[in-house]
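Visitor: Take this structure first; my questions come after.
The values are calculated or read from the model by the stated rules, or taken from the named source; none is laboratory data. Just so it is clear, the model here is predicted, and its values are computed rather than measured. Cβ: placed from backbone, ideal geometry, glycine included. Neighbour counts: every protein chain shown.
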Amino acid sequence: MNFKFTESQNELRRQVREFVEAELAAGTFKVVSKALVAQFSIEFSRKMAEQGWIGINWPKEYGGQGLGQVEKMIMLEEMFKYQAPVGYHFMGERQIGPALMKFGTDWQRDHFLPKIISAEKGIMFCLLFSEPDAGSDLAAVSTTAIKEGDDYIINGQKVWTSEGHVADYGWLLAKTNFDESLPKHRTCSEFIVDMKMPGITIRPLINMVGEHTFNEVFFDNVRISKKYLVGQEDAGFKQIMAQMNYERSGIERLLQNYPVYSELKRFINEMDESEKTGEYFFWIRDKMAQLEIEFTVGRLLCYSTAWSIDQGETPTSQAAISKAFCTQFEQRLNDFAMAVIGPNSIIREGAKWMPLVVDVAACYLWGVSYTLQGGSVEILKNIIAQRGLGLPR
Amino acid sequence: MDFALNNEQEMLRRSFAEFLTKECPFDQVREIKKDEAGYSKDIWKKMARLGWLGLIFEEQYGGSEGSFLDLFVLFEEIGKVLLPSPLFTSIVLAGLLIQESGTDEIKNKYLPPMIDGKKILTVALLNEKGMIDGDNPSIIAKKVPEGDFIINGTRLLVPYANIADEILFCAKIEGDNEGGPSLFSVNGRAQGLDIQPMDTITEEKKYAVVFTNVSVPAANIIGKIGRGDTHLHPVLQKAIVLKCGEMMGGFRQVVDMTVEYAKERHQFGRPIGSFQAIQHYCADMAIDLEGALLIAYQAATLISDGVSCAKEVAMAKAWCSDVYKKATQVSQQIHAGIGFTEEYNIQLFFKHAKESELMFGHSIFHRSKVANEIGL
């Protein structure tokens, strides 16, 4: 047992940090407080691709470096510390690439994987999973894909589609089997959909932060070729679940608000000496130490889950534990940061007198979504209890 | 990175577990508590024969020079069964103090019989207020012309003082205002020592030890005069991490027992473990356990590697204390009435978690250390 990174892992971390700091200094991006993957820049993704950092954990036969989840996490940790704009390739690299390697056809692999890994133009993905009546109960999707010759005809509605308005492709879960005797998780299939197909309408959903990342996506007789079906027909739900560990073990769940964390430490350190006495400051010390501990625990959970994946395990419960813990940590962080800063913390970005470099008020509002996306905390706890601890359904 | 124990350590864990589950079922824990000595001589002898009392001691004194991590794993397994024994106070506290600070003569005198299980040592750490006052002890040692010291003062909650052959303690030397406290050892049956049992909520025997003009020869000073606090500090760091190991064993057991109970107990025609309220309680425990194991093992591996880790140790004790206690509280809620009875075993862990939280500093104390370490 050892908790140390290897020499080459430390070297990777150093390289990524230098790269990100240089890009930040050059003004390629600035540290803002948006949902992480909502920040994207094709130019930035291209530069990452040149370094071989997109697909760092993909097998070499698909153009990757063949490194592990741990290396990918090291790379992303350094990116997220500065909120680097990795959104352009993020979903394609994390979700679509590995799914195609596992379930895709030769044509799909040849067509999409090289584009994703080199951050080509026109290869940004969004996820078309949730529907108005299928959220936590994802297998209950009612968007239909009905086979007609060599095509499928798609009808229905998706919701909470992050970056749907800018993505080039969507990763769609739709119902393909209408035999009512089948359990519903054996009735859906996965497809890749070109978001510019005729019949697709995208409507913005402005979130409570005041920002546009979510969309509603409507399908009205959208015709796609069967070559865009991924994996087996009717096995879509199972395929998605097999990929969930990658999403849930991600260190982005811990670091969406890292600038708040580092800025808060700076803010406390720069308080007047006269403020650093008395019971109020003892409270701040105690709470900040608690957050430091929780951050450490969260980081260990992320890395140990990544390590388990690298050992060939399928750490479903462990990944759920990691995500449940980390997202709740981030909510506590933002809440505490605002308490320390006081009334000024509600001042939004762009307004004069904003107390931190980052918009902590926006982070606090964004925090509401952290424990909902990618499996709500409650769904995650069900998984931990039933699959991890073996409690009965 | 490697988050798993190696094969040897896993084998060691299995042998610890097999022995302890066989030798120390919960009925035995209760028997031991009723026993005057407060430990099982039979188990103690067997543990000595297995070499467990010498795990981290030098070979020349009869030890096996294993790693600190091996000992951590042993304490995890002990925490699962809550074996009451002088292992912690004798081997960890006293043994390490002697190994790390004693002269060859002292080590030769104390370590081999301790490792053999023939002599039991203890350390009297807590003053009348229940504080570890190693930096400024309330025990006073007065030097007399013959060169010996006369000791006066009180220590509370001293584990196994009744059976200890030697009791170690820090004392301030009267009239010496510059030197720090010194570390002494006194024969457990020395004249002037009053040792009275204290009734507490846990299974381990604890005593009040009152020193009234106890004479201790100068040769009984361990380490350097005036440096008792610096001798004590690194040993306390290790003790804290091993206490975390013991707590993690208890925590694992609490989760296992609670999940088992939730599967078996039926209400409304279903196992209560099928109810989401119960499932989420259990999931919260599992989340906390996973994190606590990682942060405790992190500290243990750093100590094992000889890396300085004040922050990691403080983080581990703060976190483990809080989440283990929380789990025992939730576990009582899930077990409901039966868990509140004396005969049911889960309550043993409820008490163990509370005591462990308070020993060697609770979470508020250790968070204050963490705050220092991050520059606040």
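Visitor: Would you be able to tell me the number of residues in the stretch A:53-79 that are part of a helix (DSSP H, G or I) and free of Cβ contacts under 8 Å to residues at least 40 places away in the same chain? Steps first, please.
Guide: Quick first cut of the stretch A:53-79, residues part of a helix (DSSP H, G or I) only: A:60-62, A:69-79.
If we keep only those that are free of Cβ contacts under 8 Å to residues at least 40 places away in the same chain too, we end up with A:60-61.
Qualifying residue count, the stretch A:53-79: 2.
Visitor: Something else: Among the residues of the stretch B:83-119, what is the count of those that are surrounded by fewer than 24 Cβ atoms within 10 Å (Cβ to Cβ) and closer than 17 Å to B:R189 by Cβ?
Guide: Matching residues across the stretch B:83-119 total 4.
Visitor: With a cut-off of at least 3 residues that are among the aliphatic types (A, V, I, L, M), name the helices (runs of 4 or more DSSP H) lying wholly within the stretch A:80-155.
Guide: Correct list: A:97-103, A:106-117.
Visitor: Out of the residues in the stretch A:1-52 that are in contact with an Asp or Glu (Cβ under 9 Å, 6 or more places away or on another chain), within 14 Å of chain B (Cβ to nearest Cβ) and not in a helix (DSSP H, G or I), state the one that is surrounded by the fewest Cβ atoms within 10 Å (Cβ to Cβ).
Guide: Filtering first and then ranking leaves A:K4.
Visitor: What are the pairs, 6+ residues apart or on separate chains, where a residue within the stretch A:372-393 that is in contact (Cβ under 8 Å) with a residue 60 or more places away in the chain and within 11 Å of chain B (Cβ to nearest Cβ) has its Cβ under 6 Å from a residue that is loosely packed, with under 15 Cβ neighbours inside 10 Å and of a type in the set (S, T, N, Q)?
Guide: Sorted first by the residue in the stretch A:372-393, then by its partner, the pairs are A:I379/A:S136.
Visitor: Got a sec? Which helices (runs of 4 or more DSSP H) wholly within the stretch B:1-84 have at least 3 residues that are on the phi > 0 side of the Ramachandran plot and at pLDDT 95 or above?
Guide: Per the criteria, no element qualifies.
Visitor: Go over the candidates B:R13, B:R49, B:R30 one by one and state the one that is basic (K, R) and within 14 Å of chain A (Cβ to nearest Cβ).
Guide: Details: B:R49 fails: within 14 Å of chain A (Cβ to nearest Cβ); B:R30 fails: within 14 Å of chain A (Cβ to nearest Cβ).
B:R13 is the lone residue from the list that is basic (K, R) and within 14 Å of chain A (Cβ to nearest Cβ).
Visitor: Going through the stretch A:337-363 one residue at a time, which ones are out of contact with any Pro (no Cβ under 9 Å at 6 or more places or on another chain), surrounded by fewer than 18 Cβ atoms within 10 Å (Cβ to Cβ) and at pLDDT 90 or above?
Guide: Scanning the stretch A:337-363 gives A:A339, A:P343, A:I346.
Visitor: Follow-up question, since we're still on this one. Out of the stretch A:295-330, which residues are touching a Lys or Arg at 6+ places or on another chain (Cβ under 7 Å), more than 8 Å from every other protein chain (Cβ to nearest Cβ) and farther than 20 Å from A:G68 by Cβ?
Guide: Answer for the stretch A:295-330, where residues must be touching a Lys or Arg at 6+ places or on another chain (Cβ under 7 Å), more than 8 Å from every other protein chain (Cβ to nearest Cβ) and farther than 20 Å from A:G68 by Cβ: A:A320, A:T327.
Visitor: Right, here's the next one. Could you tell me which of the residues B:L50, B:L55, B:L20 is surrounded by fewer than 17 Cβ atoms within 10 Å (Cβ to Cβ) and in contact with a helix residue (DSSP H, G or I) (Cβ under 9 Å, 6 or more places away or on another chain)?
Guide: B:L50
Visitor: I'd like the residue in the stretch A:249-276 that is acidic (D, E) and buried (at least 19 other Cβ atoms within 10 Å of the Cβ) and, out of all such residues, is farthest from A:S345 (Cα to Cα). Break it down into steps so the answer makes sense when it comes.
Guide: Start the filter on the stretch A:249-276 by keeping residues that are acidic (D, E), which leaves A:252, A:263, A:270, A:272-273, A:275.
Among the residues that remain, those that are also buried (at least 19 other Cβ atoms within 10 Å of the Cβ) are: A:252, A:263.
Values: A:E252: 24, A:E263: 12 Å.
My answer is A:E252.
Visitor: Among the helices (runs of 4 or more DSSP H) lying completely within the stretch B:267-375, list those that include at least 3 residues that are surrounded by 19 or more Cβ atoms within 10 Å (Cβ to Cβ) and within 9 Å of chain A (Cβ to nearest Cβ).
Guide: Where helices (runs of 4 or more DSSP H) fall fully within the stretch B:267-375 and carry at least 3 residues being surrounded by 19 or more Cβ atoms within 10 Å (Cβ to Cβ) and within 9 Å of chain A (Cβ to nearest Cβ), they are B:276-304, B:310-339, B:363-373.
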